[in-house]
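Novice: Provided herewith is a single structure, encoded as structure tokens, for subsequent inquiry.
The values are calculated or read from the model by the stated rules, or taken from the named source; none is laboratory data. Just so you know, these numbers come straight off a predicted model, no measurement behind them. Every residue, glycine among them, receives a Cβ derived from its backbone with ideal geometry; neighbour counts consider all protein chains shown. Heads up: the accessible areas ignore ligands, DNA and RNA and are worked out on the full protein's heavy atoms, side chains in. Shrake-Rupley method; radii C 1.70, N 1.55, O 1.52, S 1.80 Å.
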Amino acid sequence: MEPTEHRSAVGQLADDLRWLEDHCRRQPELSAHAGTLRLASALTRNVIGPFLEGQPARPLHIAVVGGAGAGKSTVVNFLSGTVVAEANPQAGYTRHPTAFLPTGPAFQWPTYIGFMGSLNRLSGEKPANADEDVYQVKRIPVSKSGDADPLSDFVIWDCPDMTTWASLVYVNRLLEVAALADVIVYVASDERYNDEVPTQFLHMLVKAGKAVVVVLTKVREPDAAALTDHFKREILGRLPKLPDGTTPAVPVIAFPQMPQSERTDPSGAGAKHRVLLLNQILMAVDSDASMRIRTVSNAAKFLSTAGAGLLDVARKDLAEFDAWKSAVVSGKAEFEERYRNEFLSGEQFHRFDRYRDQLMDLLELPGAGRMLGGFIWLLRSPYRWTRDYVAGLIVRPDVFNLSEQTVLTASLTGWLDKLQAEALRRSSTHAVWKQIAIRFDTELGPQARERFNQELRNFEMKETDELEQAGKKLVEGLEGRPALLYSLRSGKLIVDLVAVGSVVALTWPPGWYLLLIPVLVSATHQATELAVRAVAEGARARVRHQRETLVSGVLTTPLSTWLAEWPATGGSSIEKLQQVLHRVPETIRQMEQRVKAKAAELVPVKPPTPSVLPLPPGVLTEAPKDSTTP
Ligand SMILES: Nc1nc2c(ncn2[C@@H]2O[C@H](COP(=O)(O)OP(=O)(O)OP(=O)(O)O)[C@@H](O)[C@H]2O)c(=O)[nH]1
Ligand SMILES: [Mg+2]
């Protein structure tokens with residue numbers, strides 16, 4: 001694969017992780033999580049990117065990290081074999097990272113784009129307490145004895161302290177170096193070895209698969225064994241298992257309270273302590289190439305296993321986004337319920353009466369039958385007059401029904417008001433709600449109303465059309481079935497004639513009983529009218545149902561979809577979160593595959609056995625074999 005392809009994938013992943021980190025930083029309770037994200041992006045830029053691009057394994061990097069005043073700079077001097085780092089009684093003295101290059105032939109300094117993130121390399125020299133986003137590179141002077149440097153393959157980094165996740169500037173400077181490192185030397189002093197934040201930091205680095213050596217400093221000789229055991233049990237014992245199920249092996253050594261003569265002469269008076277430390281490091285490293293492969297593979301593994309956790313912050317935000325969506329959907333249901341209760345249930349669709357009357361007319365006889373029909377109509381006159389008279393007496397109060405537009409507009413106002421109230425109520429709990437609350441009056445509300453009004457015009461056209469269609473269908477349903485129509489017409493006539501004939505025959509000779517004839521034909525007519533009314537009511541109920549579907553399909557569903565997605569549009573953080581959540585797992589997976597493929601190409605056939613320095617007599621703790629975690 002072309003280096004440029006690696007570069008853009010690495011760049012994209014680093015950017016996404018960086019964006020997530022910034023997103024986390026805006027929520028103070030997520031500062032430790034932001035630290036993990038920074039480590040992940042720094043691993044991508046400082047370790048994976050250069051490896052994929054074929055940068056040489058040498059030099060390896062050792063980062064000395066720990067709490068303020070723990071003795072990190074002093075340990076750097078022990079690693080370097082001479083006093084190069086500024087140890088200072090003032091806690092938090094070292095403010096930016098310094099790389100100490102070994103003596104011996106020069107090697108190529110990493111040149112990868114994005115290497116060390118926002119930290120610039122200082123061209124000149126500055127004291128270690130210069131508080132700037134920089135790192136400097138210094139060379140360890142050649143030792144007077146002329147002995148070969150056991151760490152000639154390593155750059156040794158002195159770092160700022162790790163005391164709080166909140167002090168952004170130091171943490172970021174430190175994390176850049178910690179990510180770059182192949183070996184971490186974690187320094188904790190006798191008095192403050194179990195401080196919470198440095199311990200969290202140590203756990204994070206072990207999880208990232210770094211080779212870690214712990215140095216406990218300023219330990220009183222009689223306490224050394226007990227303190228080492230306690231540290232292994234209490235601090236390292238809480239380490240989670242590695243993805244392959246094994247417990248990470250972290251050697252622990254103790255440096256005693258040293259007199260100044262030892263501290264300032266690491267290769268002479270302090271040599272016994274130095275040898276102990278160097279041995280632990282050399283035992284962890286077999287060859288440059290395999291050490292680097294381990295660092296890079298573990299970094300890729302960390303990204304893929306921590307991937308889900310890294311994205312937790314995004315998930316939390318998206319859960320709030322889902323809560324917004326639910327609020328929108330429940331508002332939609334309330335809108336529809338209100339429309340049903342305040343308009344639809346009382347609406348008679350009077351235009352529909354026209355079709356009911358047409359249906360009634362259809363049942364009258366055509367042609368010659370019309371004469372007969374007219375005769376029967378005459379017979380029904382008393383009934384008609386009475387009915388009209390009674391109907392005139394019973395003046396039904398007009399059922400007050402709000403106009404459809406009034407109900408729709410009021411329902412929209414109710415929906416939006418409720419959403420705004422919810423956003424305001426929750427605005428202190430999460431940025432998603434805060435953004436909605438801030439932009440409600442100026443953007444969301446007016447835009448929602450404008451969309452609604454556009455959709456309303458569309459709805460009004462469709463509803464008139466639908467009503468006409470339903471009415472026509474009612475009439476055409478009968479017109480289109482002549483057999484049924486003629487059966488109904490003749491059926492009605494036959495019933496009328498049978499009624500007339502029966503009265504005449506049963507009550508012959510004619511008398512006042514003939515008055516029964518108008519009563520009976522009126523009754524048959526009333527029955528027909530009731531039947532037609534029932535059919536029309538059925539059709540009216542269908543129209544109501546259709547209207548409900550129409551409101552949902554044309555008005556509320558499109559508006560609800562728009563409202564639900566609104567926080568995720570227009571370049572908002574939710575939109576970016578969704579993209580990142582979608583993209584990061586896939587990029588991490590690809591990255592891990594690329595690392596595997598490249599590592600398979602490079603893996604050394606037979607790693608050389610690590611060199612171990614002879615242990616001088618009188619060292620403080622047990623031999624290295626006993627200094628791993630339980
Ligand atoms: N007496 C004594 N002092 C020590 C020992 N180790 C370190 N110190 C002193 O402790 C102080 C802090 O040590 P540093 O090495 O500067 O610690 P650091 O972790 O680099 O500190 P910051 O950079 O300020 O975070 C210095 O004054 C050291 O001289 C020791 O073994 N004995
Ligand atoms: Mg220091």
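Novice: Does VAL64 meet the test of being within 16 Å of ligand 2 (Cβ to nearest atom) and modelled with pLDDT of 95 or more?
Specialist: Numbers: within 16 Å of ligand 2 (Cβ to nearest atom): yes; modelled with pLDDT of 95 or more: yes.
Spelling it out, VAL64 is indeed within 16 Å of ligand 2 (Cβ to nearest atom) and modelled with pLDDT of 95 or more.
Novice: Counting just the residues of the range 230-263 that are in a loop (DSSP other than H, G, I, E, B) and within 11 Å of ligand 1 (Cβ to nearest atom), which one comes out least open to solvent (accessible area, probe 1.4 Å)? Outline the logic, then answer.
Specialist: Filtering the range 230-263 for residues in a loop (DSSP other than H, G, I, E, B) gives 237-251, 257-259.
Among the residues that remain, those that are also within 11 Å of ligand 1 (Cβ to nearest atom) are: 257-259.
Working: GLN257: 113, MET258: 22, PRO259: 65 Å².
Here the answer is MET258.
Novice: Restricting attention to the range 69-85, and to residues there that are open to solvent by 30 Å² or more (accessible area, probe 1.4 Å) and out of contact with any strand residue (DSSP E or B) (no Cβ under 8 Å at 6 or more places or on another chain), which single residue is nearest to ligand 1 (Cβ to nearest atom)?
Specialist: VAL83
Novice: Are any residues in the range 121-132 of a type outside the set (Lys, Arg) and at pLDDT 90 or above, and if so, which ones? If you could, list the steps in order and put the result at the bottom.
Specialist: Filtering the range 121-132 for residues of a type outside the set (Lys, Arg) gives 122-125, 127-132.
Across the range 121-132, there are no qualifying residues.
Residues checked against (1) assigned to a strand (DSSP E or B); (2) out of contact with any Leu (no Cβ under 6 Å at 6 or more places or on another chain):
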site	(1), (2)
GLY124	no, yes
PRO127	no, yes
ALA130	no, yes
GLN136	yes, no
PRO141	no, yes
ASP149	no, yes
SER152	no, yes
TRP157	yes, yes
PRO160	no, no
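Novice: Among what's in the range 502-520 and is of a type outside the set (Val, Ile, Thr) and open to solvent by less than 60 Å² (accessible area, probe 1.4 Å), pick the residue that is farthest from PHE375 (Cα to Cα). Explain how you work it out, then say what you get.
Specialist: Pass one, the range 502-520, residues of a type outside the set (Val, Ile, Thr): 502, 505-506, 508-516, 518, 520.
Subsequent filtering for residues that are open to solvent by less than 60 Å² (accessible area, probe 1.4 Å) retains 502, 511, 518.
Values: SER502: 17, GLY511: 20, PRO518: 11 Å.
Once the filter is applied, the top-ranked residue is GLY511.
Novice: Ok, one more. Being surrounded by fewer than 19 Cβ atoms within 10 Å (Cβ to Cβ), within 16 Å of ligand 1 (Cβ to nearest atom) and assigned by TED's automatic domain parsing to the domain that holds VAL155: is that true of GLN90 here? So that I can check it myself, show each step before the final result.
Specialist: On the way: surrounded by fewer than 19 Cβ atoms within 10 Å (Cβ to Cβ): yes; within 16 Å of ligand 1 (Cβ to nearest atom): yes; assigned by TED's automatic domain parsing to the domain that holds VAL155: yes.
So GLN90 fits the description; yes.
Novice: Ok, one more. Part of a helix (DSSP H, G or I), touching a strand residue (DSSP E or B) at 6+ places or on another chain (Cβ under 7 Å) and more than 27 Å from THR82 (Cβ to Cβ), is that true of LEU227? Reasoning before the result, please.
Specialist: Working: part of a helix (DSSP H, G or I): yes; touching a strand residue (DSSP E or B) at 6+ places or on another chain (Cβ under 7 Å): yes; more than 27 Å from THR82 (Cβ to Cβ): yes.
Yes: the conditions hold for LEU227.
Novice: Is it the case that some residue within the range 9-20 is of a type in the set (Asp, Glu), in the same structural domain as PHE154 (by TED's automatic domain parsing), surrounded by 21 or more Cβ atoms within 10 Å (Cβ to Cβ) and over 30 Å from SER189 (Cβ atoms)? Can you show your working first?
Specialist: Step one: filter the range 9-20 for residues of a type in the set (Asp, Glu), giving 15-16.
Filter once more, so that each one left must be in the same structural domain as PHE154 (by TED's automatic domain parsing): 15-16.
Adding the requirement that they be surrounded by 21 or more Cβ atoms within 10 Å (Cβ to Cβ) leaves 16.
Subsequent filtering for residues that are over 30 Å from SER189 (Cβ atoms) retains 16.
Yes, the range 9-20 has at least one match.
Novice: Also, I was wondering about something else. Of all residues in the range 158-173, how many are within 16 Å of ligand 2 (Cβ to nearest atom) and either farther than 19 Å from VAL250 by Cβ or surrounded by fewer than 21 Cβ atoms within 10 Å (Cβ to Cβ) (or both)?
Specialist: Here is the first cut: in the range 158-173, the ones within 16 Å of ligand 2 (Cβ to nearest atom) are 158-163, 167, 169-171, 173.
So of that shortlist, the ones also either farther than 19 Å from VAL250 by Cβ or surrounded by fewer than 21 Cβ atoms within 10 Å (Cβ to Cβ) (or both) come out as 158, 160-161, 163, 167, 169-171, 173.
So the answer is 9.
Novice: Which of the residues spanning the range 109-141 are in contact (Cβ under 8 Å) with a residue 40 or more places away in the chain, within 16 Å of ligand 2 (Cβ to nearest atom) and more than 13 Å from TYR170 (Cα to Cα)?
Specialist: Those that are in contact (Cβ under 8 Å) with a residue 40 or more places away in the chain, within 16 Å of ligand 2 (Cβ to nearest atom) and more than 13 Å from TYR170 (Cα to Cα): PRO127, GLN136, LYS138.
Novice: Can you pull out every residue in the range 363-383 that is out of contact with any Leu (no Cβ under 6 Å at 6 or more places or on another chain), assigned to a helix (DSSP H, G or I) and in contact (Cβ under 8 Å) with a residue 12 or more places away in the chain?
Specialist: Scanning the range 363-383 gives GLY369, LEU372, ILE376, LEU379, SER381, PRO382, TYR383.
Novice: Additional query: Tell me, which residue of the range 192-204 that is surrounded by fewer than 23 Cβ atoms within 10 Å (Cβ to Cβ) and away from ligand 1 (no atom under 11 Å from the Cβ) is farthest from ARG38 (Cα to Cα)?
Specialist: Residues of the range 192-204 surrounded by fewer than 23 Cβ atoms within 10 Å (Cβ to Cβ): 192, 194-197, 199-200, 203-204.
Next, only the ones that are away from ligand 1 (no atom under 11 Å from the Cβ) stay: 194-197, 199-200, 203-204.
On the way: ASN194: 24, ASP195: 21, GLU196: 19, VAL197: 16, THR199: 17, GLN200: 15, HIS203: 15, MET204: 12 Å.
Per the criteria, the residue is ASN194.
Novice: Next question. With respect to PHE154, determine if the residue is modelled with pLDDT of 85 or more, closer than 28 Å to HIS203 by Cα and within 14 Å of ligand 2 (Cβ to nearest atom).
Specialist: Here the answer is no, as PHE154 does not meet what is asked.
Novice: Mind listing whichever residues of the range 75-108 are at pLDDT below 95, near ligand 2 (Cβ under 8 Å from one of its atoms) and not in a loop (DSSP other than H, G, I, E, B)?
Specialist: Those that are at pLDDT below 95, near ligand 2 (Cβ under 8 Å from one of its atoms) and not in a loop (DSSP other than H, G, I, E, B): none in the range 75-108.
Novice: Can you spot a residue in the range 43-51 that is farther than 25 Å from ALA289 by Cβ and either open to solvent by less than 10 Å² (accessible area, probe 1.4 Å) or within 16 Å of ligand 2 (Cβ to nearest atom) (or both)? Walk me through how you get there before you give the answer.
Specialist: The first filter runs over the range 43-51 and keeps only residues farther than 25 Å from ALA289 by Cβ, leaving none.
Taking every residue of the range 43-51 in turn, none turns out to be farther than 25 Å from ALA289 by Cβ and either open to solvent by less than 10 Å² (accessible area, probe 1.4 Å) or within 16 Å of ligand 2 (Cβ to nearest atom) (or both).
Novice: For the range 558-567, check the following and say yes or no: at least one residue is modelled with pLDDT under 90 and either out of contact with any Gly (no Cβ under 9 Å at 6 or more places or on another chain) or open to solvent by 50 Å² or more (accessible area, probe 1.4 Å) (or both). Walk me through it before giving the result.
Specialist: Filtering the range 558-567 for residues modelled with pLDDT under 90 gives 567.
With the extra rule that they be either out of contact with any Gly (no Cβ under 9 Å at 6 or more places or on another chain) or open to solvent by 50 Å² or more (accessible area, probe 1.4 Å) (or both), the set shrinks to 567.
Yes, the range 558-567 contains a residue that is modelled with pLDDT under 90 and either out of contact with any Gly (no Cβ under 9 Å at 6 or more places or on another chain) or open to solvent by 50 Å² or more (accessible area, probe 1.4 Å) (or both).
Novice: Condition first: among the acidic types (Asp, Glu), surrounded by 14 or more Cβ atoms within 10 Å (Cβ to Cβ) and in the same structural domain as CYS24 (by TED's automatic domain parsing). Now tell me which residues in the range 569-604 satisfy that. If you could, list the steps in order and put the result at the bottom.
Specialist: First, the residues of the range 569-604 that are among the acidic types (Asp, Glu): 575, 586, 592, 601.
Next cut, surrounded by 14 or more Cβ atoms within 10 Å (Cβ to Cβ) only: 575, 592.
Answer for the range 569-604, where residues must be among the acidic types (Asp, Glu), surrounded by 14 or more Cβ atoms within 10 Å (Cβ to Cβ) and in the same structural domain as CYS24 (by TED's automatic domain parsing): just GLU592.
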